[in-house]
C-alpha cells in the first residue's frame, strides 16, 4: 500500500535538512521498493510570510490525508515581535492539538562513536539509552485562562497548568507499553511537593501502573532532582514519563548527554499511531543557509516514522544501520566534531547516509 508523507520544511535550517531527508526517501523508494507519495506544505514563519497564518488551511487539509508528517523546524528572530497567537510556534502547537498528538517520544541514545562529543565523562554517558515520554497536548502550554493584562497599574501575565486524569492515564499507558519492551522501569517526574497538578499526576500514575502493569517498576522524582540526576547519573533512567513543561526542559537536557542536540529525533503520536516527526534542535537561525546543520536528527526522526507510523520496521533498521556506519566512517558535522576532527557540511552528511544506505541494498 502506498503511504502518503507530508513534508513540512519550516524555517531556519529546516529546508536544508529536509533536502537530505528527501534524498534518503528517494533511496528507500528506488533501492528498497518503499512505496510512498510525498507532498510539501508550509508551516511556521514561512507560512506567515506567504499565507499570514502559521498553520494554513491547505497544510491542515494535506496533513489530514497523510499517513504521517515529517517536519524540519519552526521559528526565528524574524517573527519574534509578533503577537503570541501569530508566532510561528503557534502553528506547531495547533497541528499537535488538531490531531491530538499527545504522546511525544524523545529517545536519548549515545552512539559509541560520539562519546567524546559529550561534555560529560565517558564513564557517565557510555552506553546511554533512555526514552523520555512527554505529554504534549495538555499542561501549561494549553491551559486556560492565559494572557497578559493590567493589574494595579502594571502588566501581569498568567498561565494555567491543568491536567485531567484521562490525560495522565493515556500518556502513562504509552510509557508502560514502551517500558515493557525495554527494562520494565519507569520514572515519573513531577513537582508534587508544591503543585496540586503534580499531586494528581503522581497518584494517577501510581494507581494506573499498579492496576494495569504490575510487572513494571514505577518510581517518582521531583523535576529539579531529575534535572540534577540526568547530569549526575543519567544511566539510572530507562523510561521517563512526565508532563508537557517538564518534558520540554528535561528532553533538551538529555540531548546534550548524547553530544549534540543535533542528534536527537522525536515522534509525536496520537492513539491511532498517526504522528508528526521532527528533530528536537529547533530552527537554529544562526547557521541557517550556511550548509552547516546536522541532518541526522531529522533522518533519525524519519526512522522513527518508518517504525511507529508506517509499519516499515526493516527499513527503519536499515536507516539506523546506515547512520551508524556513517559515524563509524568518521563523518562529523560541526556540532559533533572534536577539535581533532574535520567537520563536513549538511549536504555531505546527507550524501554519506544515502551512500551507506545504498550499500545495504
**Q.** Extent along principal axes [Cα atoms of the stretch 14-130; Å; largest to smallest]
**A.** 49, 42, 27
Q: Determine the calculated [θ] at 222 nm for the chain from helices alone, applying -39500 (n - 2.57) to every DSSP H run no shorter than 4 residues and normalising by the residue count; nearest 500 deg cm²/dmol.
A: -13000 deg cm²/dmol
(Q) Given a Förster distance of 51 Å, report the FRET efficiency between residue 222 and residue 30 from their Cβ-Cβ distance, rounded to the nearest 0.05. (A) 0.50
Q: Taking the Cβ of each residue in 216, 240 as the centre, tally the other Cβ atoms inside 10 Å and list the residues starting with the fewest.
A: 216, 240
Q | For 36, 346, order by how many other beta-carbon atoms lie within 10 Å, fewest first | A | 36, 346
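What is the antiparallel percent of DSSP beta bridges lying wholly in the chain, to the nearest 5? Please report the intermediate quantities before stating the final value.
Values: 20 of 46 bridges.
Counting DSSP beta bridges with both partners in the chain, the antiparallel share is about 45 percent.
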Q | Cα gyration tensor of the stretch 297-357 - equivalent ellipsoid semi-axes, whole Å, descending | A | 24, 11, 9
Q: Return 118, 347, 35, 301 ranked ascending by Cβ neighbour count within 10 Å, so the fewest neighbours appear first.
A: 35, 347, 118, 301
Q: Could you check which residue among 76, 14, 247 shows the biggest mean-square fluctuation in a GNM of the chain with a 10 Å Cα cutoff?
A: 76
Q) Roughly how compact is the stretch 111-229, stated as its Cα Rg over 2.2 N^0.38 Å to two decimals? A) 1.35
Q: Counting only DSSP beta bridges with both residues in the stretch 129-257, tell me the antiparallel percent, nearest 5.
A: 25 percent
**Q.** Most fluctuating residue given options 143, 350, 262, as computed from a GNM of the chain linking Cα atoms under 10 Å
**A.** 143
Q: Compute the length gained on full extension between residue 98 and residue 215: take 0.36 nm times their separation in residues and subtract their Cα-Cα distance, giving the result in nm to one decimal.
A: 38.7 nm
Q. Where the eigenvalues come from the Cα gyration tensor of the chain, what are the semi-axes √(5λ) of the equivalent ellipsoid, largest first, in whole Å?
A. 31, 26, 21
Q.
Under the 0.36 nm per residue contour assumption, what length would be gained going from the current alpha-carbon distance of residue 121 and residue 203 to full extension?
A. 25.9 nm
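All of the numbers you see were taken from the coordinates with simple rules; none came from a lab. No experiment lies behind these values; they were computed from the predicted model shown. All Cβ positions, glycine included, derive from the backbone under ideal geometry; neighbour counts span all protein chains shown.
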